[in-house]
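Participant: My questions all concern the structure below.
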Amino acid sequence: MKNTDKNIIVYNDAENTKEKNIFIHFKNLRIRLTIGLLFVFIAPYFFLSIYFHIQFSKSFINTGKINLEALTKSKMNTIELFLQERVVNLFRLFYSGKCNTPPATNSLGYYLDNLRRINDSFIDIGFLTEEGIQKEYVGPYSDLQNKDYSKEKWFNALITSEKNYYVSDIYLGFRNKPHFTIAVKQDINGKAYIIRSTLDPDKFYVYLRTISKGKSVEAVIINNAGIYQVVDPNAGSLLEKSDYIPPKNNIIGTDLIKIDKEDYFISYSKLSEVPWTLVLKQPLAKVYRQMYGTRNIIICISLLLITTISIVIWFAVKKLMERAYKNAKKSGELWEQLRHASKLASLGTLSTGIAHEINNPLAIIVATSGVIKDMLNPEFKMDASPQKMLEELQVIDNAALRAKGITGQLLDYGRKSKPSVKLTNINKLLEETVSGLKERELKIENIELKKEFDKNLPYIEVDPDQIRQVFLNFINNAEQAIESPGSITITTEHDDKAVRITVMDTGAGMTREQINNIFEPFFTTKEVGKGTGLGLSVSQNIVKSMGGEITVQSISGRGSSFTVTLPISTTEEGDNHGS
Ligand code: ADP
């Protein structure tokens, strides 16, 4: 019951529970359906996205590696070409026609100007004899004139080499400043003469940077020992050892390394003219930048799609469930109407007895009022004392009350009651169902009613009105099946789990075919006006709704028995026993 300020809203708990149960059922169904549909639609999409992402990353890394390797190779070729060009520049001096042995300092100055015009990394130029003495020198370090280079590494390498040129590593030399040497030798009149020039690694770096402009890569050149020959000032200093040393046996390749928790692609390529290796380094994040952009767009589109699908599923399921809920409620209402119709139909079978039952008290009333009239007629000289009069009026009263009782019983039964589940004593309920009208009616028809009740029958949770309808229907059917004399036996019994109520008759019984159809709505073997075919189908629905079942046994020509098994609610056991 619900109580608000002034308006008292009364509602039936059971009806509300039933509606609440339907509501909860549909709510659960809606959640399950929504989750199921979301899973079916979104899970494959989700896993597919992850799969594509992994494949995409893989191919992106491969492409990144290939691109960087190709870039390294092309740069390596450019550097190689640069060095070859510088060697050729120096060689050309031997053939310039102005090359005397040794050339005069003023002509060397002219050569240096020419070289610088071609490339500004040339620092100086010198002319050396095969003994290693720098006979002539032009450049910023004038004290190098007449220096003895016979012990210098580059000089010895050039003199002993079969090749007539040599490109040295970066070294400090006499000037104590990083530089590298390109030296060429020429045999003139049986004597070897050497022209050497030194080059500025910083200028070389500027050149290197120009060719790798805009590629977001860091380029360095290291020698075989891993010492920087050309380096970005941010990455390290000249003649420092590089952190990364490429594998010795590979000419070209790419590695994926981690420096300070950041991943880098490192691609290397060894130069053929000089024992140098060009190393390019590219942060993976840079390679991925484009991919991250694409991935973010895909994630946004995916999220949008998933949200749209979710919203559509949510609303579609909501609409569907609302409609199903409405239909379930409507079918519940229909079922209630059907149950009431069946109830009224079984009430109809009572009507024959009713006329007789009401006629009796009416006859008594008519007769007694006749007696009173006679008492009041002086001709008959009857005792009309108030005492006598009261006695007669009491007879009328009793008869009227009896008639009222009968109509009351009928009205009670026919009333459209609302479902209400309560702990019920089935023995008592059966007693009430058959007592009064029914018992007398059976007696008139010469049908004996036997009751074999289990005295310890536990109370069970049922809707008493509905279950009474089931039993009355069984009894009516039994009564109609019996050609008097006969008997109807009502038995109750129980075990740990259930209560069983059997209505057995000695009537006509049923054939197998009949038994197969009796629970079908509108199946009847009775003549029009006597049967509707609703009783058993409605009874079965009622019993099923209470978690029970109906079993039938019948022998054609001998009789039938209908057993209702109803579960004992586990929470309400104990001393709830009927008598
Ligand atoms: P109705 O009684 O209106 O025909 P029911 O659904 O109650 O509808 O019964 C269906 C049919 O089942 C009856 O017409 C009858 O053929 C058969 N039936 C039911 N109970 C019995 C019984 N006790 N003995 C024989 N037949 C029965």
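What follows is calculated from the coordinates using simple rules that are stated; it is not laboratory data. What you see is a predicted model, and the numbers here were worked out from it, not measured in a lab. All Cβ positions, glycine included, derive from the backbone under ideal geometry; neighbour counts span all protein chains shown.
Participant: Filter the stretch 510-521 for residues that are out of contact with any helix residue (DSSP H, G or I) (no Cβ under 8 Å at 6 or more places or on another chain) and within 9 Å of the ligand (Cβ to nearest atom) and give the result.
Facilitator: Correct list: 510, 514, 515, 517.
Participant: With (1) away from the ligand (no atom under 16 Å from the Cβ); (2) closer than 21 Å to residue 567 by Cα; (3) out of contact with any strand residue (DSSP E or B) (no Cβ under 6 Å at 6 or more places or on another chain); (4) touching a residue at least 60 places away in the same chain (Cβ under 8 Å) as the list, and residue 437 as the residue in question, which single condition is left unmet?
Facilitator: Status for residue 437: all satisfied but (2).
Participant: Now, a different point. Just a yes or no: is a residue in the stretch 471-487 part of a strand (DSSP E or B) and either in contact (Cβ under 8 Å) with a residue 12 or more places away in the chain or more than 15 Å from the ligand (Cβ to nearest atom) (or both)? Reasoning before the result, please.
Facilitator: Step one: of the stretch 471-487, the residues part of a strand (DSSP E or B) are 486-487.
Narrowing further to those that are either in contact (Cβ under 8 Å) with a residue 12 or more places away in the chain or more than 15 Å from the ligand (Cβ to nearest atom) (or both): 486-487.
Yes; the residues of the stretch 471-487 include at least one that is part of a strand (DSSP E or B) and either in contact (Cβ under 8 Å) with a residue 12 or more places away in the chain or more than 15 Å from the ligand (Cβ to nearest atom) (or both).
Participant: Could you tell me which numbered condition residue 197 fails, if it satisfies all but one of (1) free of Cβ contacts under 8 Å to residues at least 60 places away in the same chain; (2) of a type in the set (S, T, N, Q); (3) buried (at least 17 other Cβ atoms within 10 Å of the Cβ); (4) more than 14 Å from residue 75 (Cα to Cα)?
Facilitator: Here residue 197 clears every test but (1).
Participant: Another one. Looking at the stretch 448-475 only, could you name the residues that are touching a strand residue (DSSP E or B) at 6+ places or on another chain (Cβ under 8 Å), buried (at least 21 other Cβ atoms within 10 Å of the Cβ) and aliphatic (A, V, I, L, M)?
Facilitator: Correct list: 457, 460, 462, 467, 470, 475.
Participant: Let me ask you something else. Which residues, counting only those in the stretch 491-519, are polar (S, T, N, Q), surrounded by 18 or more Cβ atoms within 10 Å (Cβ to Cβ) and without any contact (Cβ under 8 Å) to a residue 60 or more places away in the chain?
Facilitator: Hit for the stretch 491-519 is 506, nothing else.
Participant: Then there is this: Within the stretch 242-275, take every residue that is part of a loop (DSSP other than H, G, I, E, B) and basic (Lys, Arg) and give me the one that is surrounded by the fewest Cβ atoms within 10 Å (Cβ to Cβ).
Facilitator: By that ranking, first place goes to 261.
Participant: Another question about this same structure. Which one of 160, 198 is out of contact with any Asp or Glu (no Cβ under 7 Å at 6 or more places or on another chain) and hydroxyl-bearing (Ser, Thr, Tyr)?
Facilitator: The match here is 160.
Participant: Can I ask one more? Across the stretch 488-509, which residue is nearest to the ligand (Cβ to nearest atom) among those that are among the hydroxyl-bearing types (Ser, Thr, Tyr) and within 25 Å of residue 557 (Cβ to Cβ)?
Facilitator: 506
Participant: Right, here's the next one. Just checking, how many residues over the stretch 265-303 are aromatic (Phe, Trp, Tyr) and within 26 Å of residue 77 (Cβ to Cβ)?
Facilitator: Final tally of qualifying residues: 3.
Participant: Ok, one more. Take the conditions farther than 25 Å from residue 277 by Cα, in contact with a helix residue (DSSP H, G or I) (Cβ under 9 Å, 6 or more places away or on another chain) and either part of a loop (DSSP other than H, G, I, E, B) or among the charged types (D, E, K, R) (or both) and apply them to residue 150. Does it pass?
Facilitator: Values: farther than 25 Å from residue 277 by Cα: yes; in contact with a helix residue (DSSP H, G or I) (Cβ under 9 Å, 6 or more places away or on another chain): yes; either part of a loop (DSSP other than H, G, I, E, B) or among the charged types (D, E, K, R) (or both): yes.
Spelling it out, residue 150 is indeed farther than 25 Å from residue 277 by Cα, in contact with a helix residue (DSSP H, G or I) (Cβ under 9 Å, 6 or more places away or on another chain) and either part of a loop (DSSP other than H, G, I, E, B) or among the charged types (D, E, K, R) (or both).
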